[in-house]
1. Give me the net charge for the shell around ALA535: Cβ to Cβ below 13 angstrom, other residues only, Lys and Arg +1, Asp and Glu -1.
2. Pop a pseudo-label 7 angstrom from the Cα along the beta-carbon direction at both ALA403 and ASP24 and give the gap in nm to one decimal.
3. In square nanometres, what is the average projected area of the Cα convex hull of segment 382-515?
4. Put a dot 7 Å past each Cα toward the Cβ at ALA410 and LEU456; how far apart are the dots in nm?
5. Any idea what angle helix 537-548 forms with the longest principal axis of the chain, computed on alpha-carbon atoms, 0 to 90 degrees, nearest 10?
6. Quick one, what does Rg over Rh come out to for segment 1-103 if you take C-alpha atoms and the Kirkwood Rh?
7. Quick one: check the C-alpha center-to-center distance for segment 203-224 versus segment 135-198, whole angstrom.
8. Using a Cα-Cα cut-off of under 22 Å, which lysines could be cross-linked to LYS458, ignoring same-chain neighbours fewer than 8 residues away?
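None of the figures in this text is laboratory data; all of them are computed from the coordinates on show. What you see is a predicted model, and the numbers here were worked out from it, not measured in a lab. Every residue, glycine as well, gets a Cβ built from its backbone with ideal geometry; the counts of neighbours run over all protein chains shown.
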Amino acid sequence: MNAEEIAAGRARWQARYDTARKRDADFTTLSGTAVDPVYGPPPGADVPGFERIGWPGEYPYTRGLYPTGYRGRTWTIRQFAGFGSAQQTNERYKMILGAGGGGLSVAFDMPTLMGRDSDDSQSLGEVGHCGVAIDSATDMDVLFDGIDLSAVTTSMTISGPAVPIFCMYLVAAERQGADLSTLDGTLQTDIFKEYIAQKEWLFDPEPHLRLIGDLMEYCAHQIPRYKPLSVSGYHIREAGSTAAQELAYTLADGFGYVELGLSRGLDVNKFAPGLSFFFDAHLDFFEEIAKFRAARRIWARWLRDVYGATDERALWLRFHTQTAGVSLTAQQPVNNVVRTAVEALAAVLGGTNSLHTNALDETLALPTDESAEIALRTQQVLMDEIGVTNVADPLGGSWYVEALTDRIEAEAEEIFARITAMGSDGTITSGILRGIEDGWFTGQIAEAAFTYQQALEKGLKHVVGVTRHTSTVTRPLEILRISHEVELEQREVLSARRAGRDKAAVDAALARMVAAARSDENMIPAMLDAARAEATLGEICDALRAEWGVYHEPARF
């Protein structure tokens, strides 16, 4: 790009920056030196390829979605939390919000993630242990008691039974008196990554995609601010993928959901802004920053050039980040505070829109109040003390970061071509489904994880406190333990709730939902009625299991 084009780009950025809203804050260094909101090539310089870098708030969005960067708005502090009963988790949410958290992110226990009630035989010993137990809409009432759902953005990390859980959330909001059309938040719903990495599915892919399509339609027409899909790379990375694989598989899944929306006749300019993303922030500091920058650039180009989006918001890749749980160690767990801070800083320098920081004890148990507060304070130190919010994309133009960004983008494009070639009709969706069926994704991730483990065992990679510097003066941590009483109480409450409801109304609502499943009718209204009647999560999912069957992963050797 020549000097004149670069100067014109800077002028466009300046005009947008001047008219954008900025925070009332001090944008100087610790020494009191004023800093510019963005930096770029010196006047008169020719920079070949600068169009791939550009300016904040301008296509291809390598440097961020907004001309102001974090001067306009900082990232949302969205701490992931959930354990035990809805009442216990409600108390933790109030602590997080009271301590400065900006949004909620719900962690569900394993029975809930698998669409099972707490008194299901397969739930034994798991209730409340890795998240909160939610059996019906009344549990949602308790979970958000005293928290105005119309004023707080709420993210829910669940995919297999995401749609019935979402319906229960809507019923809880109704009971609070909220205008549902104004709700704002994110539902994960990403079933592709379940088959690729996490393996928390209920049905075959096609019925899940039917539900997701219905949800996309419903939200587009009824709850326009709510994001019905958070396409997740986090679990792909935690399973052992490389950074480029995480990026490519995640964006490919996102393209698949774009194709789903288009197949429903939805306008890409209207539904694409409702798609968001969820990435891992791992330990390789610069590689992670490059991954986030490449993600925005790829998404914008594909949405414009492949799927025909013309609205700027449809080209924006908005993403949440969580620091890498897989990087935490049980040995010398206090070191995890350092790991988490570095990973969080990479996410911020990569331009994340919201962030969760893991607690130091999460490799051992669910976080205690103290460790959860340390995780929250880690974000607040980054936001308020180190000047990282003063300048948009401060590493933009770094030879190293730009080279890494280009390399990861190129690797991702090679993977997209491979996925497309696996399909039968030239779509990304067809390739994804074939890759799931053939075990291609899981095989690629397993190979990447094996390669890293070999490097670790050969001493080429290191983990402090595990493979070197293993002596320590630290003492074992006091960890949070979930009492068996939680499960017993949840089962008793559920039993009483079933006894006190109108069973005929439940059965009728479930029958209407199954009838909708057998037709082309959107299933969300019928499922909402079932949730209003206090049908349980297990009852809703079992009715659909009876209709659609259960997915079993093929054995592979």
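1. Numbers: positive: ARG497, ARG498, ARG501, LYS503, ARG512, ARG532; negative: ASP117, ASP135, ASP139, ASP502, ASP507, ASP529, GLU534, GLU539, ASP542.
Net of charged neighbours comes to -3.
2. A separation of 4.6 nm, rounded to one decimal place.
3. Numbers: hull surface 77.3 nm².
With every direction weighted equally, the projected area is 19.3 nm².
4. 3.0
5. 90
6. Working: Rg = 19.7 Å, Rh = 16.7 Å.
Result: Rg/Rh = 1.18.
7. For segment 203-224 versus segment 135-198, the Cα centre distance is 14 Å.
8. Straight-distance partners of LYS458: none at all.
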